[in-house]
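Structure first, commentary second.
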Amino acid sequence: MRIPSRSWIFGILSVLLALSAQGRGPELTPAKKARLDSNFQQVLRATKGPYTQNFCVCRDGKRKPVFVNGKIVSPCGGRARFCAAWREPFAAELGNEGVYLGNLFARDLHTWDEYPNPHNLVRGYILEKFFFETHPDHKLAKMRAYGGLAGAEFEARDAPQFFERYLADEKFDQERYYLLAYELQRRFYVRNDQGRIGRARALSVAIQRNHHDFKPLRDAIHNQITAALTPRLEAYREKLTAGTSRDRLDELITEIQKLTSLDDSSLRAQIPKIEDASTRAKLEKNLSKPDAKPLARITALADMMVDARKAVGAKKVTPADRRRLIDIAVTTAGIISQEAGTRLSAAPPITVRQDIELLMALTNAAYGSGLLMEREREVALKNLQKLLGTRKPQRGELQDRIARAARIIEWAQRTTLYAFGEVEAPWVYLMPDVALLPDDIIRSSPLLVYGKAIDRLQHYAEGQNTIQHEIFGHSLDSGVRALNSGIALGTLRVNPPTGGYQRNEIVALAETPSDLEPAAGILTRGEGNVVSHVQLLARSLGIPNVVLGPTSYKLFQPHDGQKILMIVTPGGQVVIKTTVKMTREDRELLAEYSHNQEREDDGRLGETAKKLHIDVKRLDVKSADVIDLTSMRRKDSGVRGGPKASFLGELKHHFPDKVARGIVVPFGAYYAHYRAAPVAIPPKLAKSGIAKAGEPLHEFVERTYKTFFDEMIPKENDEKKLETWIRPRLAIMRYSLESWPLSSELREGIRKGLEQNDLLRKSDPSQTVGLFVRSDTNVEDLENFNGAGLNLTLFNRRSLEDVYSGLREVWASPFTYRSFSWRQTLIDEPLWVLPSVVILESVPNTKSGVLVTAGLNGQDQSKILIATSEGVGGAVDGTPAETLVWSPDEVELVEMFKSPYRRLLRPDGGSEIVPSTGQAYVLSKGNLADVVSTAQGIRKDFKPSVDPEGNPRPWDVEFGFSDDQLWLFQTRPFIGNESMRNIPALTHYERAPTDQSERVSLDAPLPRAHE
């Protein structure tokens, strides 16, 4: 599939196929990991894995063992309701953690009411099935084939009832859970034909009599019949010579295929079984004749899938009909995928217009498969309809519309991540390869054909100037997306653990974290969102940043530990190769880029060049009095406080009702505390001999910095040695700042400032109304450095003592290794990195976001990019956000908010992670109007900063909503990096620009699909 390029250089990245940066829910604690490990190891050690001995449930509902006194008995006298194994206690404990193993339909239908969350149970069925099918030799998969775990006749009979029970659940919301129901039925589809099931069982017994090694397959057939058995049976057949057993195996394969096949005849047999007459008639209307024109037939079938899903969601038909409708959707999706794929490669070739019409049908089919939300379907169809409404669109418009159409694959990927988000962490922790499930879902859907169809359109739209990325010798036109331009040379580290790489190395990550230590280059399988702190930092520092698809990501593993060159051009071209493969042009570009940079590299510890300058003469370190936020202005940035406090004061001046009350603790207060504090040594470093307890802290810091920056860095090139030396010294600095008490004058100044703003409780002045304590250094927003994500924010402090201790913690935060390595190593006088602190009224946001007063490429300032998540702090910490691009002509949906979680403030202090609302929209129309109006006001009233070429920079604004009241929390210039501009050597890599105004015909034939 061709990935859109220029218009998305900085924009929305593929979520791709890792269970990755999904809405960040509760992390696995060490205690939870220990429980998971303990129980999972017991599963692996037990002879029957997660399964107990067998029991039968009799007609009276009583459960009786099958194995009694060393003998197998029929405890129900041959009249059992069903017989099956139960889960061992350690397997049940895994289920309580969200990892359901040992899943059997008959048993779980019987015990349905015992499960507190049926969605997690269904997720378990799907994830376990995927793991078994992709790891057939794993012990768990082999355990599933043990004889006597269940009866295929019971499983085939009760599976449909299990599906219906799930669909009948009052908590079943089709927008949220339809994909789970669809995947469950797709993966476990089997006809309840007891006669055919009996024949399959009998044939398997007959084969095993002559071939004892057939027993695992025989047991699997007796336990549960699925389509996944067919390739295993076919592989076994190839080992047999001609004769009776091979003939029986052929017959057995035929019986399994008849029980599990989904084809046109199946569809025509399924529809008459729908009991609701109006629903049945609607489906029959779309069941066109087999000789209908292919595109018309595909369109009608896709409409049928839409009707089926909507009927399930409406809940007006019986649960049995809902189950049948999903079966119909599963069957129809298979037919569409087959027929659409055939049509793409058939002669005569289809036209551009027909390909667009096919995309519309496949969009509906993707919706009917549970992969799109209704909002996304409507937006996608409207986009393509607008394109069809123009007979000869300009090439630029065609490229833009096709780029928008390509988003639905990413939307679908987000949906798969969203569907399994609640259980992703424990499953991936125990069985990492289940992270590939989203890939399997997408590739098994009509979107596989959609990707081929849109690939051809993109090639046509771009003419002869399509981008061909070079990844380790492979020429790729898909699965690679350039985000930030730049050049890096360093050792490749593939998915290293936290702290497992150095800042002069290039990292390839399976997911985008909410924070990241410095790296020379970044490659990820998932972006988080467009305005996350990691992305803003990478953009401002000129760190090349690329998003990879699953296939291209796999190309990196063989090169882990090798030194590579990474080139990302402003036009979206990506070149990655080992240094031994570098050409003369590569070396020329690297040399010219290094000469062009304002900073010689991305700030590795061993770099001695001066990079960013702090104007120490402007700093006011003598004034230590607390300042009311209303008294701060933009001109105070770098003087009394950092840009956050200064710009927030400016916002308070212009938008007094949209900025919360607060005070600012200036640089001078920190400086006085720092100069007065003695060294305090953490207990774990008490015997290190690094520092002397009680000596002035500032003397220790000055001595440490002199040794580190003036003596060690010029001589030492080993990043790890430098890091090992500085880390414990930073720990002493933090501990000393946090241990030294605040002066009584400062405590009183803070108390008085809060009191004057009515931020203390009247009933108990020792308690606050809830306050944020936010760090704000004088380094943020210097040219080419915006410091996004490096400031510590403490949520919702409720007592004055918590505010005081929080202030010391925030003061110490620049001395964390991550902040130090980003900040102090990039400036000329690291001793003068000073934090001011904003103490701001807590606003219980139910929505929070970031806007940029420009479009996706950061250049078109007639547009506004708006990314919003539910809860507090979402859009900046990497959580998937509802992303919109507002313009005077339209509101463009780039991405929906799809996260199972949101963070809310607690009334008693702090915050908590709770389930998200599941609503399709984060911003209401009124919310959006408020955001746009305010953004336009900022653009009008605030004098912009300019880039080196004199162009005004957009504004980056953090905002939130509480009870539909808009609040502003920060604004700053949207900092970019211009070091890749105007480098002549880039012309070797950049494609020639196309004529965007050229008219192109929608009736032109397209070349056949690329294989």
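The values are calculated or read from the model by the stated rules, or taken from the named source; none is laboratory data. All values derive from a computational prediction rather than experimental measurement. Neighbour counts run over all protein chains shown; Cβ positions are idealised from the backbone, glycine included.
If the condition is being modelled with pLDDT of 90 or more and either under 18 Å from THR883 (Cβ atoms) or among the hydrophobic types (A, V, I, L, M, F, W, C) (or both), then the range 935-955 contributes ALA935, ILE938, PHE942, PRO954, TRP955.
Figure legend. Inter-residue proximity from the range 395-412: first residues assigned by TED's automatic domain parsing to the domain that holds GLY479, second residues not polar (S, T, N, Q), beta-carbon distance below 9 Å, spacing 6+ or different chains. No pairs are indicated.
Taking LEU648 as the residue in question, decide whether it is in contact (Cβ under 8 Å) with a residue 40 or more places away in the chain, under 40 Å from the mean Cα position of the chain (by Cα) and not assigned by TED's automatic domain parsing to the domain that holds LYS752. When the stated conditions are applied, LEU648 does not pass them.
For every residue, the table says whether it meets (1) touching a helix residue (DSSP H, G or I) at 6+ places or on another chain (Cβ under 7 Å); (2) without any contact (Cβ under 8 Å) to a residue 12 or more places away in the chain; (3) in a strand (DSSP E or B).
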position: ILE913; (1), (2), (3): no, no, yes
position: ASN927; (1), (2), (3): no, no, no
position: GLY950; (1), (2), (3): no, yes, no
position: VAL957; (1), (2), (3): yes, no, yes
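Restricting attention to the range 31-65, the residues that are surrounded by 13 or more Cβ atoms within 10 Å (Cβ to Cβ), closer than 14 Å to PHE82 by Cα and touching a helix residue (DSSP H, G or I) at 6+ places or on another chain (Cβ under 9 Å) add up to 3.
Among the residues in the range 688-706, are any buried (at least 20 other Cβ atoms within 10 Å of the Cβ) and within 25 Å of TYR501 (Cβ to Cβ)? No. Scanning the range 355-389 for residues that are among the acidic types (Asp, Glu) and closer than 18 Å to TYR177 by Cα yields GLU374, GLU376.
Residues being under 15 Å from ALA91 (Cα atoms), modelled with pLDDT of 50 or more, β-branched (Val, Ile, Thr) and outside any loop (DSSP other than H, G, I, E, B) are represented in the range 41-49 by at least one member. Going by the conditions given, is PHE647 part of a helix (DSSP H, G or I) and in contact with a Lys or Arg (Cβ under 8 Å, 6 or more places away or on another chain)? So PHE647 fits the description; yes.
If the condition is being closer than 30 Å to GLN208 by Cα and among the charged types (D, E, K, R), then the range 234-278 contributes GLU234, ARG237, GLU238, LYS239, ARG246, ASP247, ARG248, ASP250, GLU251, GLU255, LYS258. Looking only at helices (runs of 4 or more DSSP H) that fall completely inside the range 222-281, which ones have 1 or more residues that are surrounded by 15 or more Cβ atoms within 10 Å (Cβ to Cβ) and modelled with pLDDT under 80? Here the list reads 244-260, 264-270.
Per-residue answers, yes or no, for (1) buried (at least 21 other Cβ atoms within 10 Å of the Cβ); (2) within 21 Å of ALA181 (Cα to Cα); (3) among the β-branched types (Val, Ile, Thr); (4) out of contact with any Asp or Glu (no Cβ under 9 Å at 6 or more places or on another chain):
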| residue | (1), (2), (3), (4) |
| --- | --- |
| CYS83 | yes, no, no, yes |
| PRO89 | no, no, no, yes |
| LEU104 | yes, yes, no, no |
| THR111 | no, yes, yes, yes |
| TYR115 | no, yes, no, no |
| ILE126 | yes, yes, yes, no |
| LEU140 | no, no, no, no |
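Inclusion of GLY910 among residues that are surrounded by fewer than 22 Cβ atoms within 10 Å (Cβ to Cβ) and closer than 30 Å to MET733 by Cα is warranted.
Check the range 661-673 and report whether any residue there is within 39 Å of the chain's Cα centre (by Cα), part of a helix (DSSP H, G or I), surrounded by 15 or more Cβ atoms within 10 Å (Cβ to Cβ) and modelled with pLDDT of 95 or more.
Taking every residue of the range 661-673 in turn, at least one turns out to be within 39 Å of the chain's Cα centre (by Cα), part of a helix (DSSP H, G or I), surrounded by 15 or more Cβ atoms within 10 Å (Cβ to Cβ) and modelled with pLDDT of 95 or more.
Just one of the listed residues (ALA92, ALA141, ALA150) is farther than 30 Å from PRO30 by Cα and of a type in the set (A, V, I, L, M, F, W, C), and it is ALA150.
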